[in-house]
Amino acid sequence: ARDRAKSKPIAYVYVGFGQATSTALQTSLCALVPTLAQDFNIHLPISSDCEAESKFHSACPHLFRAFAVGLRQLDEQHPIPEETVEKYQGKERLMCQGSLAGAVEDVRHWAGEAAKEQKNVFMASEGLGALTLHQISYLKDVFSDFEMRVLILVSNPIDYWVNRFVTAKKWGSGSLSDALKKLTHYDPKQVGMDVLFEAVQFYAKVTPSQVYVASMEGMARADVSVQEVMLKDFFAIQDTEMLLSEKDTGFNKLLTSPAIPLDTFEMVNLMYQLLPHIYRHELPSSAKAAAMKDINEGVSQLKSSLGGLWKCRNAHSDFKGTIREFGFSLRRLKDISLLYFDVLLTEDDLNYYKLDLEVCHGDLAALKADDAKFHSFILDLDRVWIEWKSKTG
């Protein structure tokens with residue numbers, strides 16, 4: 001065993017990807033800056049000048065983002081380190097109120113000081129998932145005084161894509177049922193997984209055997225939150241009860257469902273197809289959480305009004321091949337450790353987790369063909385619409 005006194009401190013690096021609760025995770029961990037530092041020797045790059053809790057909340061995520069942006073500006077011609085990028089002036093410019101200029105040099109200086117005191121450090125950003133191999137090598141050099149460990153969270157490609165589609169498209173911009181058709185055959189680029197696989201392989205090459213890839217669906221199956229995985233499995237903090245119960249940290253169970261429920265998304269799409277000149281652009285671009293309960297209640301009323309014309313089915317079988325190949329592809333990668341991929345894959349096992357994806361749509365042609373039902377539905381729709389507008393503003 002290595003002499004404990006001579007071992008390097010650890011740099012924990014969380015590599016975020018879209019639809020993997022990255023923002024919620026960063027916010028919740030940033031809120032725990034004082035506790036993590038004092039009780040567990042895990043330090044986030046925040047200056048002691050930022051002791052006010054409100055400053056922790058605002059400065060911490062901004063620093064993560066600025067550092068990632070700084071690295072992404074480096075091309076293959078930049079040496080490691082790059083003097084024109086790093087001209088530390090002895091001021092922690094970024095620690096409280098961020099500036100993209102100087103982010104890399106400030107973090108390098110902060111990390112160097114932390115290493116001298118044997119402090120473990122933490123860095124997180126969605127931007128770290130889009131780095132080239134050269135940029136990841138630069139990241140490794142910034143934390144050269146540390147043993148670097150990397151955590152990457154992944155969602156099943158169907159869940160990832162559904163969340164991305166619904167979040168990006170917002171309201172009434174296309175049928176999910178139609179859009180999902182392109183995911184029935186596995187194509188990493190088509191389902192948005194090519195960048196993920198490239199990043200995992202790049203990090204594994206720079207930090208072999210120190211890259212942990214965790215399944216979002218596996219966590220949900222085990223009924224644990226992303227934060228619990230971060231604290232217990234990544235930071236190796238065994239007693240997390242106090243941390244997970246602290247107020248205002250944003251610690252919640254997994255946020256794997258889309259910001260807009262799928263049946264709501266499809267119902268609004270149906271409304272736009274019926275009367276686009278009335279409904280289009282009237283709903284807020286993204287539903288506010290406070291209004292979603294009322295909006296979902298309205299959707300339930302409209303589904304009842306449609307009766308048998310609102311059809312739903314579990315689309316799980318459509319994507320068996322895609323899900324299965326995604327799981328196999330991850331297990332083929334070398335020098336990584338998989339977390340919460342606890343279902344063994346065999347030739348007979350069609351997926352690495354059980355997908356439950358109910359896809360619904362309204363039979364628009366049949367509705368228009370039934371004058372009485374169409375008139376009744378329009379009246380119900382108008383009533384619900386007025387209620388929605390009064391709640392969403």
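The values are calculated or read from the model by the stated rules, or taken from the named source; none is laboratory data. Given the structure is predicted, the values throughout are model-derived calculations rather than measurements. Neighbour counts are summed over all protein chains in view; Cβ atoms, including those assigned to glycine, are modelled from backbone coordinates with ideal geometry. The protein model used for the area step is the full one, side chains on, heavy atoms only, and it has no ligands, DNA or RNA in it. Shrake-Rupley method; radii C 1.70, N 1.55, O 1.52, S 1.80 Å.
Data overview
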| read-out | value |
| --- | --- |
| The stretch 211-225: number of residues that are of a type in the set (D, E, K, R) and assigned to a helix (DSSP H, G or I) | 2 |
| Exclusive hit being under 12 Å from PHE64 (Cβ atoms) and at pLDDT below 75, set THR27, THR21 | THR27 |
| Residues of the stretch 316-348 classified as at negative phi, assigned to a loop (DSSP other than H, G, I, E, B) and modelled with pLDDT of 80 or more, total | 2 |
| The stretch 237-252 residues that are β-branched (Val, Ile, Thr), paired with ones that are modelled with pLDDT of 75 or more and open to solvent by 80 Å² or more (accessible area, probe 1.4 Å) (beta carbon under 6 Å, 6 or more apart) | THR240/LYS232 |
| Residue within the stretch 145-156 that is in a loop (DSSP other than H, G, I, E, B), over 20 Å from the mean Cα position of the chain (by Cα) and either free of Cβ contacts under 8 Å to residues at least 60 places away in the same chain or under 22 Å from LEU330 (Cα atoms) (or both) present | no |
| Candidate set from the stretch 326-339 (those that are open to solvent by less than 60 Å² (accessible area, probe 1.4 Å) and touching a helix residue (DSSP H, G or I) at 6+ places or on another chain (Cβ under 9 Å)); member that is farthest from GLY362 (Cα to Cα) | ILE336 |
| Residue in the stretch 354-393 that is modelled with the lowest pLDDT, counting only those that are open to solvent by less than 90 Å² (accessible area, probe 1.4 Å) and in contact with a strand residue (DSSP E or B) (Cβ under 7 Å, 6 or more places away or on another chain) | LEU357 |
| Some residue of the stretch 288-304 being modelled with pLDDT under 65 and part of a loop (DSSP other than H, G, I, E, B) | yes |
| Selection count, the stretch 133-144, where residues are buried (at least 18 other Cβ atoms within 10 Å of the Cβ) and without any contact (Cβ under 8 Å) to a residue 12 or more places away in the chain | 0 |
| Residue that is surrounded by the most Cβ atoms within 10 Å (Cβ to Cβ) [pool: residues in the stretch 118-132 that are among the hydrophobic types (A, V, I, L, M, F, W, C) and in a helix (DSSP H, G or I)] | LEU128 |
